[in-house]
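A.B. asks: Structure provided below as structure tokens; questions to follow.
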Amino acid sequence: MPNPASPSFAQGVAELRASEIRELLKLIDRPEIISFAGGIPDPAFFPLDAIDNAYKALLADPAKAREAFQYSISEGYLPLRQWITGYLQANEIDAAPERVLITSGAQQALDFLGRAFIEPGDAVVMSAPSYLGAIQVFGTFRPRFISVPMDTDGVVLTELEAAFRQKPKFCYLTPDFCNPSGVTTSLKRRKAILALAHRYGVAIIEDCPYEELRYENPRIASFSALEADYLRQPGNDGRRLAIYVGSLSKVLTPALRIGWICGDATLINKLVLLKQASDLHSSTANQIIADGLARTCHASQVAKLRKAYKERRDAMLAALEKSFPKDVTWTRPDGGMFIWLEFPESIDATELLAEAIRDIQVAFVPGAAFYANDQKRNTARLSFSLGEPERIREGIERLAALLHNKLRANRAA
Ligand code: PMP
């Protein structure tokens with residue numbers, strides 16, 4: 001007899017675990033804690049006046065308001081798909097509204113892609129480290145994860161090719177300012193990855209929520225843009241393997257829950273059916289508001305965020321340079337929200353977090369959570385998106401002092 005207190009869950013759900021890290025991070029919601037843990041936008045930059053005006057205008061127009069609060073099509077609100085198409089085309093992607101599906105955030109896009117491709121035991125390729133939310137959601141479909149290490153230009157090609165030989169269903173990458181590592185895949189590496197994808201017939205899911213948060217160096221063409229160019233060349237194989245996942249969460253606000261997928265028409269048609277089966281459609285009202293905001297304040301938001309987050313990134317990098325022990329290494333991201341630390345092997349970052357919260361009131365995310373396989377426990381993710389530069393400097397100095405003490409103690413032991 002099934003016991004109602006311990007139901008027999010599907011295996012992918014039974015295997016879901018709240019992490020020890022999440023338990024530790026519950027302790028940080030106190031004003032005295034300087035937290036580098038949350039990888040979220042600073043709410044001080046949400047365009048609240050524009051949101052207020054957009055809702056007022058919507059409610060003042062009865063016909064539009066009725067449309068906004070009614071059911072709508074699973075593909076998504078057409079004007080918003082048209083705006084997204086224009087955005088993608090401006091970035092050299094050969095998008096079309098009928099090949100764009102609106103999802104409830106990029107997270108739902110990843111869920112649908114996992115559902116569309118993965119059967120238990122199927123191989124799935126990810127960078128190591130990789131976005132925790134992707135590891136979690138793909139994990140519910142019980143794949144066999146193949147992790148490919150990264151260098152400063154992106155995933156390592158020899159290891160990627162070895163992974164592709166195992167016939168994975170797809171390869172998931174965050175090409176710009178990866179969450180958690182901050183690494184941006186170079187143009188040369190992107191071209192080589194795309195060539196490998198076409199040689200082995202592996203779909204590339206490119207997750208691009210941070211691409212607008214670039215603080216230096218020119219934008220690098222996405223896999224989808226490079227593939228659009230390839231598909232115009234004579235002798236191409238005619239296959240569309242790049243799948244672009246986008247989001248308005250980081251530029252406007254996550255609460256609207258607007259993400260999207262742009263890819264091959266056959267794939268999008270299947271995903272529309274998944275969307276229908278899952279939640280019918282994303283909130284019509286939110287899509288209408290997002291469409292208005294995207295058209296009126298996307299550009300100004302990007303300008304505002306670039307300036308503010310760049311200052312914070314610079315403050316964190318300068319403080320690390322000034323005060324951190326020389327045997328700790330870190331990435332220098334061109335954008336995004338994250339810096340990745342690698343400590344000497346003797347440091348376990350989960351233990352360090354417990355001490356940091358207790359003794360110096362500083363928090364970060366230990367890196368182990370970001371590995372699908374073979375966790376590196378001497379790594380950590382710092383986010384610089386929240387907090388003024390002065391507070392960032394203070395937190396990094398405190399963390400540096402704790403690390404100096406620990407490393408000294410380890411050497412003495
Ligand atoms: N992908 C990556 C790499 C992310 O960092 C996030 C948010 N932290 C998401 C997807 C999900 O974003 P959303 O669902 O808000 O669009």
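Here's the yes/no breakdown for (1) assigned to a strand (DSSP E or B); (2) within 21 Å of the chain's Cα centre (by Cα); (3) free of Cβ contacts under 8 Å to residues at least 40 places away in the same chain:
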{"position": "G238", "(1), (2), (3)": "no, no, yes"}
{"position": "G246", "(1), (2), (3)": "yes, yes, no"}
{"position": "V251", "(1), (2), (3)": "no, yes, no"}
{"position": "A255", "(1), (2), (3)": "no, yes, yes"}
{"position": "G259", "(1), (2), (3)": "yes, yes, no"}
{"position": "T266", "(1), (2), (3)": "no, no, yes"}
{"position": "N269", "(1), (2), (3)": "no, no, yes"}
{"position": "K275", "(1), (2), (3)": "no, yes, no"}
{"position": "S278", "(1), (2), (3)": "no, no, no"}
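A.B. asks: Can you find a residue that is away from the ligand (no atom under 16 Å from the Cβ), among the aliphatic types (A, V, I, L, M) and over 27 Å from A50 (Cβ atoms) anywhere in the range 243-256?
C.D. replies: Looking only at the range 243-256, we keep the residues that are away from the ligand (no atom under 16 Å from the Cβ), and these are none.
The answer is no, given that none of the residues of the range 243-256 is away from the ligand (no atom under 16 Å from the Cβ), among the aliphatic types (A, V, I, L, M) and over 27 Å from A50 (Cβ atoms).
A.B. asks: Follow-up question, since we're still on this one. Return yes when R332 is outside any helix (DSSP H, G or I) and basic (K, R) and no when it is not. Can you show your working first?
C.D. replies: Numbers: outside any helix (DSSP H, G or I): yes; basic (K, R): yes.
Taking the combined requirement at face value, the residue satisfies it.
A.B. asks: If you don't mind, another one. Exactly one of (1) away from the ligand (no atom under 15 Å from the Cβ); (2) closer than 30 Å to I392 by Cβ; (3) in contact with a helix residue (DSSP H, G or I) (Cβ under 9 Å, 6 or more places away or on another chain); (4) at pLDDT 95 or above is unmet by S35. Its number?
C.D. replies: (4)
A.B. asks: Any residue at all in the range 112-130 that is in contact with an Asp or Glu (Cβ under 8 Å, 6 or more places away or on another chain) and either in contact (Cβ under 8 Å) with a residue 24 or more places away in the chain or more than 16 Å from the ligand (Cβ to nearest atom) (or both)? Explain how you work it out, then say what you get.
C.D. replies: We begin by selecting, within the range 112-130, every residue in contact with an Asp or Glu (Cβ under 8 Å, 6 or more places away or on another chain); these are 128.
So of that shortlist, the ones also either in contact (Cβ under 8 Å) with a residue 24 or more places away in the chain or more than 16 Å from the ligand (Cβ to nearest atom) (or both) come out as 128.
Looking for residues that are in contact with an Asp or Glu (Cβ under 8 Å, 6 or more places away or on another chain) and either in contact (Cβ under 8 Å) with a residue 24 or more places away in the chain or more than 16 Å from the ligand (Cβ to nearest atom) (or both), one finds at least one in the range 112-130, hence yes.
A.B. asks: Something else: Among all residue pairs at least 6 apart or on different chains, which show Cβ distances below 9 Å where the first residue, located in the range 35-50, is farther than 18 Å from R306 by Cβ and the second is assigned to a loop (DSSP other than H, G, I, E, B) and among the charged types (D, E, K, R)?
C.D. replies: Listed by first residue and then by second, the contacts come to S35/D29.
A.B. asks: Output the residues belonging to the range 43-56 that are more than 12 Å from Q301 (Cβ to Cβ) and either surrounded by 14 or more Cβ atoms within 10 Å (Cβ to Cβ) or in contact with a helix residue (DSSP H, G or I) (Cβ under 7 Å, 6 or more places away or on another chain) (or both).
C.D. replies: Residues satisfying the conditions are N53, A54, Y55.
Yes or no, residue by residue, for (1) crowded, with 24+ Cβ neighbours inside 10 Å; (2) at pLDDT 95 or above; (3) assigned to a helix (DSSP H, G or I):
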{"position": "M126", "(1), (2), (3)": "yes, yes, no"}
{"position": "F138", "(1), (2), (3)": "yes, yes, yes"}
{"position": "F141", "(1), (2), (3)": "no, yes, no"}
{"position": "E159", "(1), (2), (3)": "no, yes, yes"}
{"position": "K167", "(1), (2), (3)": "no, yes, no"}
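A.B. asks: On to the next question. What number of residues within the range 204-225 are in a loop (DSSP other than H, G, I, E, B) and in contact with a helix residue (DSSP H, G or I) (Cβ under 7 Å, 6 or more places away or on another chain)?
C.D. replies: Initial filter on the range 204-225 (in a loop (DSSP other than H, G, I, E, B)): 208-213, 215-222.
Adding the requirement that they be in contact with a helix residue (DSSP H, G or I) (Cβ under 7 Å, 6 or more places away or on another chain) leaves 209, 212-213, 215, 220-221.
So the answer is 6.
A.B. asks: Could I ask something else about it? Just to verify a result, which residue in the range 291-312, among those that are under 22 Å from the mean Cα position of the chain (by Cα) and basic (K, R), is farthest from L213 (Cα to Cα)?
C.D. replies: R312
A.B. asks: So, in the range 378-413, exactly how many residues are modelled with pLDDT of 95 or more and under 23 Å from the mean Cα position of the chain (by Cα)?
C.D. replies: Adding up the residues that qualify gives 9.
A.B. asks: Which is at positive phi, in contact with a helix residue (DSSP H, G or I) (Cβ under 6 Å, 6 or more places away or on another chain) and assigned by TED's automatic domain parsing to the domain that holds V124, of G201, G154? Walk me through how you get there before you give the answer.
C.D. replies: Numbers: G201 fails: in contact with a helix residue (DSSP H, G or I) (Cβ under 6 Å, 6 or more places away or on another chain).
Only one candidate qualifies: G154.
A.B. asks: Take the residues in the range 337-394 that are over 23 Å from G154 (Cβ atoms) and of a type in the set (S, T, Y), then tell me which one is surrounded by the most Cβ atoms within 10 Å (Cβ to Cβ).
C.D. replies: Within the range 337-394, the match that is surrounded by the most Cβ atoms within 10 Å (Cβ to Cβ) is T350.
A.B. asks: Here's something else I'd like to know. Condition check: surrounded by fewer than 22 Cβ atoms within 10 Å (Cβ to Cβ) and not in a loop (DSSP other than H, G, I, E, B). Does G121 satisfy that?
C.D. replies: Working: surrounded by fewer than 22 Cβ atoms within 10 Å (Cβ to Cβ): yes; not in a loop (DSSP other than H, G, I, E, B): no.
No.
The values are calculated or read from the model by the stated rules, or taken from the named source; none is laboratory data. Note that the structure is predicted; figures quoted are calculated from it, not measured. Don't worry about glycine lacking a Cβ; one is built from the backbone with ideal geometry, like all the others, and counts go over all protein chains shown.
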